Structure formats: C-alpha cells, structure tokens
Amino acid sequence: DYPDGIIMPDCLVMTSGNPAGAPICRTDQDLTSQLDGLCDIVLSHNRKIRLRADDSVMDFFEDKPYMIRRSRGYAPLPIMLRGNWAGEVLGIGGELKNTFCLAHDALFYPSPYIGDMSDLRTVLALRESIVRMETLLETKPSLVACDLHPRYNTTQAARELGIPVLPVQHHYAHILSCMAENNVLTPVIGVSFDGTGYGTDGTIWGGEFLLAGLDGFKRLGSIQPFRQTGGDKASVEGWRIAVALLYAQTGSQEETARIAKKLQLCTESDLPAQFFMADQKVNCITSTSAGRLFDAVSALLGIRRASTFEGEASMYLEFTAEAWLEKQNGRRPPAGPVPPLACAEDGRFLLPTGTLFQMLARQRLAETEAGALAYVFHQQLAALIITGCEHAAKLSRLHTVALSGGVFQNQLLLQLCTDHLRQKGFQVLLHSLIPPNDGGLALGQALAAMQKLKEQS
C-alpha cells in the first residue's frame with residue numbers, strides 16, 4: 001500500500017545486471033552501455049565492485065551440499081590439501097562455467113563464477129578477475145595450467161600471462177578436482193562423464209574411465225564411440241545424434257528412415273543430409289560424449305528433440321524417469337542383463353552403449369512408456385558403469401572410485417552408481433562444495449600445476 005499516490009506494479013522482478021551470456025556489469029558505465037533497453041531501473045551504489053560474484057547454486061545429495069555453481073558466500077574460501085606443497089600456481093579453468101583457482105602452497109582458492117568464454121566480455125572479466133584476486137591474496141603464480149584444447153579462449157589467455165603453461169586433459173582435471181576436494185591424493189579409478197572434452201588422441205571425449213594419480217593418468221575405458229553429425233548443431237539438437245546412432249546400428253537408410261518417421265525424430269527432408277554426412281564423414285566427429293548420449297536418448301523417447309538451453313534434453317530425461325519412478329511408489333524394477341564389455345583398437349574397454357540405445361529403440365517402437373524407458377536407461381547405464389569400475393579394479397587393483405563431470409549432476413544416475421559401487425565394496429569419492437561440472441575444473445588444473453612444481457624442485 002502506497003498512500004503517497006505513487007502507482008506501483010504488483011511485483012518487482014530483480015536480477016543480476018548482465019545480458020545473457022555476459023558477465024555481471026561492474027561499473028555504471030557498463031550498465032549504460034550494456035543494459036540500455038533491457039530493464040526499467042538499475043540499483044547502483046557509490047562503492048566500487050572489486051570482484052564480481054554471481055549467486056551460488058546448490059543442490060543436496062545424501063543430506064550434504066552438492067554444489068552446482070560456487071560463487072557468493074563460498075568463493076574464494078580455500079581448499080587445504082594435506083602434504084608438503086610449495087609454490088604459487090594458477091588453474092585458469094574451463095571454457096564453460098569458468099572459474100579459476102589460485103594456489104599458494106597447500107591452500108587452493110577457487111574464484112567466484114566467471115561464465116562462458118564464448119563472449120569476449122567474459123574473457124576480459126576473467127583476465128581482470130585474475131589480477132584482482134592475485135592482489136587480494138598477495139600471490140604471483142609461476143606456472144599456469146589450462147585445458148588441453150589448443151583453440152580455447154582460456155588456453156590463449158593462459159599463454160598471454162607470460163609464465164610457463166601446463167596443458168591438462170579435461171577429464172583428468174575433473175578427477176583431480178574430486179581427489180583434491182576429498183583430500184585423497186593416492187591413485188583412484190576416475191569416472192569422468194560430461195558433454196565435451198578434448199582428448200589426447202584429438203577426438204572428443206566425454207564418457208571416460210581413468211586410472212588417475214598425481215603423476216598422470218591412463219585411459220582404461222570409455223563409452224562406445226559414436227558419430228555426431230551436424231557439427232556444433234549436434235550439441236543442441238539431440239535428434240541428429242539419435243539418427244546417427246540408429247543409422248550406425250541398422251546400417252540401412254531405409255530402416256533408419258522408417259524408425260525416425262515412426263518416432264517423429266525429424267522430418268523426412270532432414271534425413272538425406274544426415275546420411276550424406278555420416279557416409280562421407282563430412283561435418284562429422286567421433287565422440288565418446290556421455291552428455292550427447294543423454295540428448296540422443298531424450299530425443300529417441302520423444303521427451304526433447306532439441307535443447308533451448310544447456311542440458312535441457314538431459315534434464316528432462318532425468319525428470320521423466322524420476323516422475324515414472326514416483327508413480328511406482330519407489331519400487332524399482334529389477335535391472336535387466338548387462339551386455340558384455342567390448343574392446344577398442346587401443347586396448348581400452350568399451351561400455352556397449354550402442355547396444356543399450358538399440359534396445360531402447362526396439363522398446364519404444366513397441367510403444368513402451370517413455371517414462372519407463374527413461375528409467376531403464378539410467379538403470380542400465382549405471383549397471384554398465386559398475387561393470388566398467390569392476391573391470392578397472394581388476395586392471396589397477398584399486399578400489400577407490402571418483403565420480404566427476406557434469407553428467408553426475410544427474411542425481412538419479414549418481415544415486416544408482418553410488419549405491420551399487422558401495423555394495424560392491426568400493427570407496428566412492430563425490431563432490432560437495434566444488435561443482436562436478438566444468439566449474440570445478442580449475443581446482444584440478446591447479447593441483448596438476450602444483451604437482452609439476454614439486455617434480456621440478
């Protein structure tokens with residue numbers, strides 16, 4: 001009630017001052033140049049903002065915090081590692097959900113959330129924030145660790161710092177991050193499942209089993225490689241990957257077209273281009289991306305053919321499975337038989353995820369409920385992950401498993417994997433206050449850099 005006669009709306013909507021994909025505006029000059037026309041009123045102040053800090057975003061898992069975005073209220077609270085560490089390093093972070101990490105001896109300081117490096121303004125914010133935090137923490141790194149991908153903006157930013165650069169493989173950094181948060185510095189079996197990471201063989205990884213320690217890693221296994229047709233479009237249009245997987249399984253354009261038409265994956269006019277790209281290997285990459293597999297299954301089951309924001313198709317696949325499970329009053333159906341592991345040319349084991357996809361396609365064609373199949377997918381993928389861990393344990397004689405990567409934000413998959421691994425006698429390392437997604441990469445990179453200094457001393 002405003003008795004002074006001023007007419008007010010029913011509600012006020014307030015949000016952080018930044019255009020989509022750009023960092024939060026830090027000065028009034030930024031506001032006038034970037035937010036003109038986007039909002040009615042800006043709340044300003046005469047105190048300078050020294051360091052941007054987005055809202056933190058947190059879930060809970062097994063009654064513990066499970067961080068999605070670590071920023072205000074948590075950053076830059078340090079992670080303290082046991083052991084003797086000496087030196088100053090920087091982990092510059094990933095290309096998506098970027099945070100960086102400054103480390104001084106045993107103290108590792110993850111930064112507030114910066115953002116996605118596809119926007120030049122975010123790259124500038126990263127450079128500015130590194131200098132600001134170096135000043136606040138009175139530290140000057142002598143080594144910077146970055147992603148292995150040679151064309152990332154973070155890689156270029158690392159090279160421009162004028163200090164030695166240490167490239168660290170993406171999925172190895174995920175596992176190091178989980179090890180550091182749990183203060184477990186002895187070798188582990190690392191299960192690193194996410195959307196995209198540049199592999200040491202030049203292909204796109206994303207569903208990896210690693211024998212990981214401070215001195216390096218060995219790729220023990222992965223999900224079955226598949227083709228992504230359509231280049232960057234495949235990362236947002238899961239139907240493309242679904243069609244490519246069906247084509248790889250059937251080997252027939254006619255049969256693939258029949259299935260695609262019945263399941264309404266795409267229009268008939270979309271298919272010739274998909275077949276051409278797959279046959280001629282044009283605009284087509286080989287991938288072991290677990291995230292893209294989720295997108296393909298979501299499209300196959302008619303849940304989301306494409307994503308309008310990052311992770312949408314995968315999220316709705318999880319939600320559909322959970323909603324179906326809730327209707328069963330918590331009674332989980334028994335898991336079906338798990339197909340045997342395959343072997344790649346380089347000797348690593350392969351999870352037969354193509355066979356799993358083919359089974360889901362058959363069941364969907366038989367008009368099995370999408371919710372039931374969404375749950376079966378999670379259940380069977382978890383069973384395959386357990387089988388992979390058991391095989392990795394035989395190869396490595398290790399019984400500690402670290403689960404990391406953005407796919408493990410999926411709590412249904414996480415719970416299934418955690419429960420069964422513990423039943424099999426494994427010690428399971430999980431994230432809590434460091435995100436499992438790319439927002440946690442910088443901690444792992446910084447640990448790799450600090451280990452490099454130790455080896456050089």
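The values are calculated or read from the model by the stated rules, or taken from the named source; none is laboratory data. Because the structure is predicted, anything quoted here is derived from the model rather than measured. Cβ coordinates were reconstructed from backbone atoms using ideal geometry, including for glycine residues, and neighbour counts include every protein chain displayed. Ligands, DNA and RNA are stripped out before the accessible areas are found, and what is left, the full protein with its side chains, is counted by its heavy atoms. Shrake-Rupley method; radii C 1.70, N 1.55, O 1.52, S 1.80 Å.
Expressed as a rounded percentage, what relative contact order does the stretch 154-217 have, with Cα pairs under 8 Å and six or more residues apart?
After rounding, I find 32 percent.
Students often forget the sequence filter, so: which aspartates and glutamates lie under 12 Å Cα-Cα from residue 261 once same-chain residues fewer than 8 apart are removed?
Of all the aspartates and glutamates, those that pass the test against residue 261 - Cα under 12 Å, at least 8 places apart if same chain - are 270.
Got a number for the accessible area of residue 4? Probe 1.4 Å, square angstrom, nearest 10.
Per-residue accessible area (residue 4): approximately 100 Å².
Could you run the Debye sum over the Cα atoms of the stretch 1-130, one equal point scatterer each and no solvent, and tell me log10 of I(q)/I(0) at q = 0.13, 0.17, 0.18, 0.20 Å⁻¹, two decimals?
Relative scattering, expressed as log10 I(q)/I(0), comes to -0.69, -1.01, -1.09, -1.23.
Report, in deg cm²/dmol and to the nearest 500, the calculated mean residue ellipticity at 222 nm for the chain, where each DSSP H run with n ≥ 4 adds -39500 (n - 2.57) and the sum is divided by the residue count.
It lands at -12000 deg cm²/dmol.
How big is the stretch 346-457 on each of its three principal axes, counting only the C-alpha atoms and giving the largest first in Å?
Ordered largest first, the stretch 346-457 gives principal extents of 63, 31, 30 Å.
How large is the charge dipole for the chain, taken about the Cα centre, if only the Cβ atoms of Lys, Arg (+1) and Asp, Glu (-1) carry charge, to the nearest 20 debye?
The dipole of the chain has a size of about 1120 debye.
Just going by the charge dipole of the chain, with Lys and Arg at +1 and Asp and Glu at -1 on Cβ, which of 298, 185, 146 is farthest out on the positive end?
Selected residue: 185.
Please state the relative contact order of the chain as a whole percent: Cα pairs under 8 Å, 6+ residues apart?
20
Charges on Cβ only, +1 for Lys and Arg, -1 for Asp and Glu, centred on the Cα centroid of the chain; of 90, 135, 76, which one is farthest towards the dipole's positive end?
About the Cα centre, the residue reaching furthest to the positive side is 90.
Using r as the Cβ-Cβ distance of residue 107 and residue 335, and R0 as 51 Å, what FRET efficiency do you calculate, to the nearest 0.05?
With R0 = 51 Å, the Cβ-Cβ based efficiency is 0.70.
Could you look at the stretch 293-393 and say what percent of its accessible area is carbon and sulfur, using a 1.4 Å probe and all protein chains?
Within the stretch 293-393, the accessible surface is 53 percent carbon and sulfur.
Could you tell me how far the Cα centroid of the stretch 26-72 sits from the Cα centroid of the stretch 392-434, in Å?
Rounded to whole Å, the Cα centres lie 33 Å apart.
Taking a threshold of 31 Å on the Cα-Cα distance, which of the pairs 327/424; 262/327; 233/262; 218/281; 97/454; 97/262 fall above it?
Listed pairs above 31 Å: 97/262.
Using only the Cα atoms, work out Rg/Rh for the stretch 143-250, with Rh taken as the Kirkwood radius, to two decimals.
For the stretch 143-250, the value is 1.03.
For labels at residue 136 and residue 283 in the simple 7 Å Cα→Cβ model, what's the distance in nm?
So the two model labels end up 4.4 nm from each other.
Note down, for the stretch 258-337, the three equivalent ellipsoid semi-axes (square root of 5 times each alpha carbon gyration tensor eigenvalue), biggest first, whole angstrom.
29, 15, 13
Could you report the chain's accessible area per residue, 1.4 Å probe, as an integer in Å²?
47
About the Cα centre of the stretch 202-256, what is the dipole size in debye to 20, counting +1 per Lys and Arg Cβ and -1 per Asp and Glu Cβ, all else neutral?
120
Would any residue of the stretch 2-39 have its amide N under 18 Å from a label point 7 Å out along Cα→Cβ of residue 46? List them or say none.
Under cut-off, by backbone N: 27-29.
Kirkwood hydrodynamic radius, the chain, all distinct C-alpha pairs: what's the number in Å?
Averaging 1/r across every pair of different Cα atoms and inverting gives 23.3 Å.
Normalising by the residue count of the stretch 49-192, find the relative contact order in percent from Cα pairs under 8 Å and 6+ residues apart.
19
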